[in-house]
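Student: Let me give you the structure first, and then I'll get to my questions.
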Amino acid sequence: MKLHIQNPKQPGRQAFILAAFLFTLWLVQTGRAGDPRTNSWFTTYSGQYARIYTNDVSRTNGYSVTTWTNGSTAQSLPVYCGIQEVYSSTNWVYVRSTGLGSHVMGAWYLNAAHTTYFPAFPTNQKTLFRIPRTNAVPATKSLSGGGAIGIFVDGVAMFNNWDAYYWNGSADTASTGSSGYWNRDAYVNEGATFDPGNAHQPGSGQYHYHANPPALRYLLGDHVNYNSVTKVYTESTNTPTKHSPILGWAADGFPIYGPYGYSVSNNASSTIKRMVSGYVIRNGQYGTSNLTTYGRITIPAWSARLHNVASNILSGPTVSTSYPLGRYMEDNDYLGDHGYVQGVDFDLDEYNGRYCVTPEFPGGTYAYFVAILADGTPAYPYNIGMGYYGTPAGGAVTSISESVNTNFLGGTNLASKLNAPTVKNGSVTLTWSATEGGSYQVEATTNLTSSSGWTVLGTGVTPNKITGGYTNATTLDKRFYRVGRTAVASFDSAGTTSITGTGTAVSAPGGSASRGSTVTVTITLPSTPPNPPAGAPITSVTLGGSITGAGISDSTAGTVVATFVIPSGASTGLQSIVIVFTSGPTYTVTGLTIN
């Protein structure tokens, strides 16, 4: 890129500053245009280390760390935040994540007074999670159960509203699945252990949200304020003026939005309002049973439907100090079962969603919404109800067994972007998007025609998190600059994604394939122009002018892999392969013969 900058030392003359990356001047493609399932992921800080506050004093003083241990869980190497890879096929979107938030996480305590430390810290989860791109809506719904039921757009796991304990008839008992009919509410029973971002982790280190995630919402610009002194998030008291963004995706492939949507579900021109939960506590109001007076002798109708039981007469513990009202999810009732009407008396159905138009789905979609009270306090059922609206076909997987498109690569694969240089008082300042832990070298020349004329101005230039910078004082009226990453400090990888496509493996130039076959081609790029870095985004790979490649990847610089389904009527003979890099060069390789 060439920039015309007025030289302050010689008014009236123009200095031409060419600032180019040796390896990384390639824009990042974040997803398929128009598809929120591939482009709603929050990747702004994917090249930045995850950080935690280990205690309240550190949080108040703003002292965070990038490695940590508390004796039971440890993160001994820095690890990049959240989303690190996004892939897509016709039916699925795959997301690889470290599972760690982009905000500074922590601190965690066992009690509201913060006198007892929580026994676990978060760690790199190396998660590969997939969501379906098409949705099935069954008549019989599925319980959401324990563990990750979806993934938030920052790569943090979405847990349901259960804390993995249920009433077994005589005591609260831990379970890996919803085994009873009185299931403990995670926010009510574990809320004291949540950090300011409303998240915590078990001994496995899996950081996760059960309820309203204010830190994520703040980063996404969703009606949340942040106090830079106390490091605490609060709901804005101003009138909301815009629809909440997508916060995550449930395993059934439906989006979950923040708390604010259109007041009229099918009218994008209607005012913005907070979505009101359809649930109320069972205290005798709104036609509900008064559990304090009459006891926990029945589960609510919504729970009976989800459990598919003919009778709802299933007893729980008597309401008391030890078992207070609100302790169990079944202490809440759905207003729709008591004559109240969704869209009139409340907004969200028993699954905590509604069918509506949204900015990302102007034609309409079913969508979950985070439920909160006016002051931001989480309200039952929090993110989604105890059951899925759709079929939960998604979930954690260990590998990808189909051809996929690469939508995003983060961490050390991130493409850097150069900002416009500035000139002031005889100094040129360069800034660029960088990868934390990287070391950069800055060079300059006055003559682009000579490849040996570059002078090293700075080496080992370390960025401030994800922003690199260098200032050069010069009396020259013309100078060209380039910046390249030369090294990366050791870090804890998000894991390796195994992608197994279909078809015979061949190489190009020099390979051959038959009409009607599927082939995975490893393409060696020409050395001119210079090859983009590994992981640089690719717009398309085409064979013979019309056969579009799938499962495109370039994990090694100078090599591109793509899978082609060759039609039975394709032209035979030597064919060209055209590789188009996003905001980069285009290569034509003549070297695959179709028989």
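The values are calculated or read from the model by the stated rules, or taken from the named source; none is laboratory data. Keep in mind that what you see is a predicted model, and the values were worked out from it rather than measured. Quick reminder, even Gly has a Cβ in these numbers, built from the backbone with ideal geometry, and neighbours come from all protein chains shown. Heavy atoms of the whole protein, side chains included, go into the accessibility calculation; ligands, DNA and RNA do not. Shrake-Rupley method; radii C 1.70, N 1.55, O 1.52, S 1.80 Å.
Student: Picking from T582, T474, V541, whose Cα lies most toward the positive end of the charge dipole for the chain (charges on Cβ: Lys, Arg +1; Asp, Glu -1)?
Tutor: Looking along the dipole axis, the top candidate is T474.
Student: Work out the P(r) tail for segment 212-268: percent of alpha carbon pairs separated by more than 12 Å, whole number. Please report the intermediate quantities before stating the final value.
Tutor: On the way: 1099 of 1596 pairs.
Tail of P(r) above 12 Å: 69 percent of Cα pairs.
Student: Choose one of T123, L325, P392: the residue whose Cα lies farthest towards the positive end of the charge dipole of the chain (beta-carbon charges +1 Lys, Arg; -1 Asp, Glu; about the Cα centre).
Tutor: Farthest along the dipole direction, towards plus: T123.
Student: So, one more: Remind me, what semi-axes does segment 467-517 give for its equivalent ellipsoid, largest first in whole Å, using sqrt of 5 times each Cα gyration tensor eigenvalue? Write down the numbers at each step before the final one.
Tutor: On the way: eigenvalues 423, 103, 14 Å².
Result for segment 467-517: semi-axes of 46, 23, 8 Å.
Student: Charges only on Cβ, +1 for Lys and Arg, -1 for Asp and Glu: so what's the dipole of the chain about the Cα centre, in debye to the nearest 20? Numbers along the way, then the final one.
Tutor: Numbers: 31 positive and 28 negative charges, 353 e Å.
Dipole about the Cα centre, nearest 20: 1700 debye.
Student: In Å², what does the accessible area per residue of segment 136-216 work out to with a 1.4 Å probe? Working shown, then result.
Tutor: Numbers: 2440 Å² over 81 residues.
That works out to 30 Å² per residue.
Student: What does the convex hull of the Cα atoms of the chain come to per residue, in Å³, rounded to a whole number?
Tutor: On the way: hull volume 113.6 nm³, N = 595.
Measuring per residue, one finds 191 Å³ for the Cα hull of the chain.
Student: Calculate, axis by axis, the spread of Cα positions in segment 233-358 along the three principal axes, and write the results as whole Å, longest axis first.
Tutor: Its Cα atoms span 46, 33, 28 Å along the three principal axes.
Student: Diagonalise the Cα gyration tensor of segment 149-291 and give the resulting equivalent ellipsoid semi-axes, square root of 5 times each eigenvalue, largest first, whole Å.
Tutor: Numbers: eigenvalues 160, 90, 50 Å².
In descending order the semi-axes read 28, 21, 16 Å.
Student: Please give, to one decimal in nm, the separation of the simple spin-label points placed at D477 and S555, each 7 Å out from Cα toward the Cβ.
Tutor: Inter-label distance under the simple model: 5.3 nm.
Student: State, as an integer percentage, the relative contact order of segment 249-352 based on alpha-carbon contacts under 8 Å between residues 6 or more apart.
Tutor: That works out to 29 percent.
Student: Using a simple charge model, +1 on the beta-carbon of Lys and Arg, -1 on the beta-carbon of Asp and Glu, nothing else, what dipole does segment 191-282 show about its Cα centre, in debye to the nearest 20?
Tutor: Numbers: 6 positive and 4 negative charges, 42 e Å.
Using Cβ point charges on Lys, Arg, Asp and Glu, segment 191-282 gives about 200 debye.
Student: Here's another thing I want to ask about it. Order these peptides, 586-592, 305-311, by their mean beta-carbon neighbour count within 10 angstrom, highest first. Could the numbers behind the result be given before it?
Tutor: On the way: 586-592: 16.0, 305-311: 13.0.
Top of the packing list down: 586-592, 305-311.
Student: Oh, and also: Among A112, S64, G146, whose Cα projects farthest towards the positive end of the dipole of segment 21-173, with charges put on the beta-carbon of Lys, Arg (+1) and Asp, Glu (-1)?
Tutor: My answer, from the dipole projection, is G146.
Student: Need one number: % antiparallel among DSSP beta bridges in segment 249-363, to the nearest 5. Write out the running numbers ahead of the final one.
Tutor: On the way: 8 of 9 bridges.
In segment 249-363, approximately 90 percent of DSSP beta bridges are antiparallel ones.
Student: If you only keep lysine pairs separated by 8 or more in sequence, or across chains, how many in the chain come under 12 Å at the Cα atoms?
Tutor: Working: K2/K478; K9/K424; K9/K478; K242/K273.
The number of close lysine pairs in the chain is 4.
Student: I would also like to ask the following. So how many Å³ per residue does the convex hull of the Cα atoms of segment 459-570 work out to? Walk me through the numbers before you get to the answer.
Tutor: Details: hull volume 18.4 nm³, N = 112.
Per-residue hull volume (Cα only) is 164 Å³.
Student: If you bin the C-alpha pair distances of segment 305-419 every 10 Å from 0, what whole percents do you get?
Tutor: 9, 26, 29, 19, 12, 4, 1
Student: Provide the percentage of antiparallel DSSP beta bridges, counting only those with both residues in the chain; round to the nearest 5. Let's see the in-between values first.
Tutor: Numbers: 110 of 129 bridges.
In the chain, DSSP labels about 85 percent of beta bridges as antiparallel.
Student: In percent, what relative contact order does segment 136-249 have, based on Cα pairs under 8 Å that are 6 or more apart in sequence? Before the final figure, lay out the partial values.
Tutor: Working: 170 pairs, mean separation 24.6, N = 114.
Relative contact order for segment 136-249 comes out at 22 percent.
Student: Can I ask one more? Taking amide H positions as placed 1.01 Å from N in the peptide plane, with prolines and chain starts having none, which residues 5 or more places from A513, or on another chain, fall under 5 Å of its amide H?
Tutor: T593, I594, N595
Student: While we're here: Relative contact order for the chain: what percent, with Cα pairs under 8 Å and sequence separation of 6 or more? Walk me through the numbers on the way to the answer.
Tutor: Numbers: 1554 pairs, mean separation 95.6, N = 595.
With pairs under 8 Å counted, the relative contact order is 16 percent.
Student: Counting C-alpha atoms alone, how compact is segment 106-165: give Rg to one decimal and Dmax as a whole number, in angstrom.
Tutor: That works out to 16.0, 48 Å for Rg and Dmax.
Student: State to the nearest 20 debye the size of the charge dipole of segment 289-412 about its Cα centre, where the only charges are +1 on K and R beta carbons and -1 on D and E beta carbons. All intermediate terms of the calculation are to be shown ahead of the outcome.
Tutor: Values: 4 positive and 11 negative charges, 57 e Å.
Using only the charged Cβ atoms, the result is roughly 280 debye.
Student: Ok, one more. Please give the per residue volume of the convex hull enclosing the alpha carbon atoms of segment 268-342, rounded to a whole number of Å³.
Tutor: Numbers: hull volume 8.8 nm³, N = 75.
That works out to 118 Å³ per residue.
Student: Could you estimate the translational diffusion coefficient of segment 304-352 from the Stokes-Einstein equation, with Rh from the Kirkwood formula over C-alpha pairs, at 25 °C and 0.890 mPa s, in whole µm²/s? Could the numbers behind the result be given before it?
Tutor: Values: Rh = 13.0 Å.
After rounding, the answer is 189 µm²/s.
Student: Hey, if you drop one equal point scatterer on each alpha-carbon of segment 29-165 and run the Debye formula without solvent, what base-10 log of I(q)/I(0) do you get at q = 0.16 Å⁻¹?
Tutor: The computed values of log10 I(q)/I(0) come out as -0.94.
Student: Further, regarding this structure: When the solvent-accessible surface of protein heavy atoms is calculated with a 1.4 angstrom probe, in what order do R130, R96 fall, highest first?
Tutor: Values: R130 60, R96 10 Å².
Ranking R130, R96 by accessible area, largest first, yields R130, R96.
Student: Against the globular-protein guess of 2.2 N^0.38 Å, express the Cα radius of gyration of segment 147-209 as a ratio, rounded to two decimals.
Tutor: Numbers: Rg = 12.3 Å, N = 63, 2.2 N^0.38 = 10.6 Å.
Output field value: 1.16.
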